[in-house]
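To keep things clear, I will list the structure first and then write my remarks on it.
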Amino acid sequence: MTEDPKRSRTVTWDDPSITSQAAQQMSGREFQEAMRDGRIPGPPIAHLLDFQSVEVGDGRIVFACTPAEYHYNPIGVVHGGLACTLLDSALACAIHTKLPAGVPYTTIELHVNFLRPLTVDTGPVRCEAEVIHIGRSMATAQGRLIDAHGKLYAHGTTTCLILRGNG
């Protein structure tokens, strides 16, 4: 008897407005810590791709993810979008840890270098990000996507626009 090739996965998430409202009331670091600790819901993208925050510091954050079959692209490895999403999220959230309550920000540039493919055999990976520079209206950060042995799979940088006040 052959195995059924069909797979399925159910994804659930909380109303994202709960999280975005909390962001207005807390500093970036407090907000990131609250998501890490489960006191406020994580974003839907984290549920969809199955990643979570595991460390939060001043200008630093770490996300964890285990590559799975549902992350695969048509050529049999994890789609590069997973690495890009992990890096984009971690880099921006590292910057967020340095911002006061209610100050929005957005990625305006993301650069990612892919070094080797992720597969289900890779096991858990960590995306470690840290702020390089933070100014009044711009911030930069760098990050690395590594496995449990410290092997580097991708690295990247970002520039974020900080939207303080009216300017």
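The table below lists the values:
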read-out: Residue exposure sequence - 84, 127, 93, 65 - by fewest surrounding Cβ within 10 Å; value: 84, 65, 93, 127
read-out: Debye equation applied to the C-alpha atoms of region 81-167, log10 I(q)/I(0) at 0.17, 0.18 Å⁻¹; value: -0.65, -0.71
read-out: Gaussian network model of the chain, Cα within-10 Å springs - most flexible of 34, 92, 83; value: 34
read-out: Selected from 48, 145, 118 as most flexible by GNM, with the chain as the system and alpha-carbon contacts under 10 Å; value: 48
read-out: 222 nm mean residue ellipticity, helices alone, for the chain (DSSP H n ≥ 4; -39,500 (n - 2.57); rounded to 500); value: -7500 deg cm²/dmol
read-out: Within a Gaussian network of the chain (alpha carbon springs, distance under 10 Å), most fluctuating of 114, 63, 51; value: 114
read-out: DSSP-loop trypsin sites (Lys or Arg not before Pro) across region 32-103, with at most 14 other Cβ within 10 angstrom; value: 39
read-out: Bins of 5 Å from zero: percent of alpha-carbon pairs in region 1-116; value: 2, 10, 18, 22, 18, 12, 8, 5, 2, 1, 1, 0
read-out: Scaled radius of gyration (Cα, divided by 2.2 N^0.38 Å) that region 34-98 gives; value: 1.17
read-out: Net +/- balance of residues flanking residue 27 in space, Cβ distance below 11 Å, scoring K and R +1, D and E -1; value: -1
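Only the coordinates and a few stated rules stand behind these numbers; no lab work does. Computed from a prediction, not measured in an experiment: that's the story for all the values here. Every residue, glycine among them, receives a Cβ derived from its backbone with ideal geometry; neighbour counts consider all protein chains shown.
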